[in-house]
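The structure under discussion appears below in the form of structure tokens.
The numbers here are math on the coordinates, done by the rules we state, and not lab data. Predicted model, so just to flag it, every value in this text is computed and none were measured. Neighbour counts run over all protein chains shown; Cβ positions are idealised from the backbone, glycine included.
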């Protein structure tokens, strides 16, 4: 089985690809972010392509380990086809700006820049051109994927990589994918109109089943129907027989020089898969921990900052376990973390030096997320300083006296009873006690009782 | 017919001898009176008198006024003027009212030029006779019964008949120079990429160029100064902020080297060559050095031009799909427009790509180099504009005879060079224009020779 993809994502720029219109097309009324250029008015001429869009596409291509096409004119082609959302009757699409990449074992054939068409509502027969001219990056893979499951994994990895660059639009579901699939002995079938990772998976699953049951698989283009999770043949009218590509006579070709590429390379973020590899080697941390750390750019940034002053192995696990848990609970993305790196570093040092317990550390962290401050001050504010031993002993004794049944269970060999008793002590001390100390004391006192 | 010069007109408006309002009212009255027989205007700008009043008020107050203050300017119907119809003289766009001004229109308004209205033309600028307009053919005011030439038929006829002071046309393969020659006026196709095309409806994007039609050389120079210069939101333009010609067009031909080619004579009617030879003798007599240049592939320009044009025109007209402007172009256009679309659609097919379009692009480069070489050895190339005398309006001629009118004007478009036309004389009462082609951005040399020609009897 061979599966390949053509993926389109909107790039995040202030203005459109060939005009100055803003790109926040979802936030405004239909047909308000428009001008003669992006509506294809007679006589309108495109501006030279948006530099930011070109740079973003280069950065994305570099993330995908591609070779950038330099010192060679990259023509912007007109791809002609007839559809209501296409104001000029052609879409502008660049020749490859990069080639020969790789991500997650899948070879990337080419990366292009394109303009998005408008949005056509066939029910109402209306077109909204707010989207027309938004820059797209098109990524074409080689057919290296072997199963729908692999395809799903690849797309997830690709999306994570694209999100990592911060160069694609942050709104959900801007992904558009076409996929092609061929089974042993069969012809290649293209599937269009896929809008999500799940959609791609379902479409491929269906297609594998269909092709296995079909005696002779013809070469054809099919459309994915999301509502029914099936693919159907596209009407020949919907497929252009020939796009009649010509270089757009109104635009000079894009020319990328090596210097520009080096500059972008030096200033860009590392791709997640490369970064994972590097931090494992550089900090000697565990792979599964590194995997969680690189899942979001700001999260792993944070790790590398604190690792400058705190034992990386300790810090990585603490971030993965405690910080991740607190953030998940608050549904807070790492980029919104309000406390400073210094505050976090100090907190980690306090825990590492056993100045405070990990549990207290977590309590302080929770407070730090809400009201960022120096962790020592928070410690004081929350009254979490170490309890006097005598006071703790008193609480433990009280719990033992108040829970005869559990004490009895423990003496009869039920170890869980100890956990229960420890929880009661923690409750009594309002979480201020060190659980390890509590356990120790409980065991000691119970053993003394038994004697 | 032409009366006082453009500069004299400007002076008398500026001095207050002639108010802009009186001047514009007179033009509009004349259009109403006389244009029925010429058919050079498709629409009159109802705001023109208001604009004239504004200019008069400025002059009265002693305020500074622009370079074109008070002149009435006709605009070819393929250039967008906000609120007026840019129909391209086609049924396809009969209901299209411009929603924005072309950059050249903004610049004319900035200099206090007054847009008189929209001129007739060959449909979508496809034609060299002025006969393919959906709104009927334009007549030649200078040669009764003859075609005015095209495709800027309306602007040329309007200037030639004095219905407007100046006009804007467009030149893709000779569409300014051809009607200027037939109507006995001055026309200039500026260097490709000197004048912004934003707002000019596409015929063939890599050739199209807006330029002036004028009764005299100074008028053409002045209007070019106003419209030329880089527009930063356009993809393909020369990096020239502005141009100045008025102080450079002193008609002194000493040390000027003028190139002529035997190819011009080979392709041209001998009756026309008599007038052209006479002009060359005149220029030589005025001190220019005449040298022969080699243009071995000149006759390949026309077929090369039509190949590239057809592909670009096919692409440009895809937006007229019937959804936004009411009619699908193929359903309502005339024969010549349809012929070019169908040809373009055919030769842009994947399987023919290397055979026609790519090959044409190669020949284009060849001809461009040839012209550049010839212009390296000389200052300008001088010769005929149209190889044949214009036919009678309505006369049935074949498409290939029509295309043959373009043999001598298409090379400048292939090369992206500048070219001007100035009256050289008459044959059988039909005006004949001399074409002067210059290097990229060397409009000044072209205008100098044109200015000298105005001294010729």
For the stretch A:114-173 and the stretch B:344-419, what is the separation of their C-alpha centers, rounded to whole Å?
44
Fewest to most Cβ atoms within 10 Å: A:301, B:112 sort as A:301, B:112
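To the nearest 0.05, how large is the calculated FRET efficiency for residue A:107 and residue A:171 if R₀ is 25 Å and r is the Cβ-Cβ distance? Show your work: numbers first, answer last.
Details: r = 29 Å, r/R0 = 1.17.
The calculated FRET efficiency here is 0.30.
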Only residues of the stretch B:306-323 count here: report those whose backbone N is under 16 Å from the spot 7 Å along Cα→Cβ of residue B:359, or say none.
B:306-311
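Could you please rank A:8, B:346, placing first whichever residue has the fewest other Cβ atoms within 10 Å of its Cβ?
Details: A:8 16, B:346 13.
Least to most surrounded, the residues fall as B:346, A:8.
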Compute the acute angle (0 to 90°) between the alpha-carbon long axis of helix A:272-283 and the principal axis of greatest extent of the alpha-carbon atoms of chain A; round to the nearest 10°.
40
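Run the numbers for residue A:373 and residue A:416: contour at 0.36 nm per residue of separation, minus the present Cα-Cα distance, in nm. Don't skip to the answer; put the middle values down first.
Working: separation 43, 0.36 × 43 = 15.48 nm, distance 3.79 nm.
Working it through step by step, the gained length comes to 11.7 nm.
The protein assembly as shown: D in µm²/s via Stokes-Einstein (Kirkwood Rh, Cα pairs, 25 °C, 0.890 mPa s)? Mind showing how you got there, number by number?
Working: Rh = 32.6 Å.
Estimated diffusion coefficient is 75 µm²/s.
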For each of B:380, A:289, A:232, count neighbouring Cβ atoms within 10 Å of the residue's Cβ, then give the residues from fewest to most.
A:232, A:289, B:380
What base-10 log of the normalised intensity I(q)/I(0) is obtained for the stretch A:72-140 from the Debye formula, alpha carbons as equal point scatterers, at q = 0.29 Å⁻¹?
-1.21
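Length gain on complete extension for the stretch residue A:266 to residue A:313, per 0.36 nm per residue less the alpha carbon to alpha carbon distance? It would help to have the intermediate numbers written out before the result.
Details: separation 47, 0.36 × 47 = 16.92 nm, distance 2.76 nm.
Extra length from residue A:266 to residue A:313 when fully extended: 14.2 nm.
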Principal axis box of chain B, alpha-carbon based, largest edge first, Å
63, 59, 44
Along the Cα-to-C-beta direction of residue A:147, a point sits 7 Å from the Cα; which residues of the stretch A:1-36 have their amide N less than 12 Å from that point?
A:1
Set the Förster distance to 22 Å, then compute FRET efficiency between residue A:24 and residue A:126 from the Cβ-Cβ distance, nearest 0.05.
0.65
At 7 Å along Cα-to-Cβ for each site, give me the label-to-label distance between residue B:248 and residue A:398 in nm.
9.9
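Between residue B:290 and residue B:342, take the C-beta separation as r, use R0 = 56 Å, and let me know the FRET efficiency to the nearest 0.05.
Details: r = 44 Å, r/R0 = 0.79.
Computed FRET efficiency for residue B:290 and residue B:342: 0.80.
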Using only helices, what value at 222 nm comes out for chain A when you add -39,500 (n - 2.57) per DSSP H run of length 4 or more and divide by the total residues, to the nearest 500 deg cm²/dmol?
-12500 deg cm²/dmol
log10 I(q)/I(0), Debye, Cα-only chain A, no solvent, q = 0.07 Å⁻¹?
-0.53
Rg and Dmax [Cα atoms of the stretch B:6-227; Å; Rg one decimal, Dmax integer]
15.7, 48
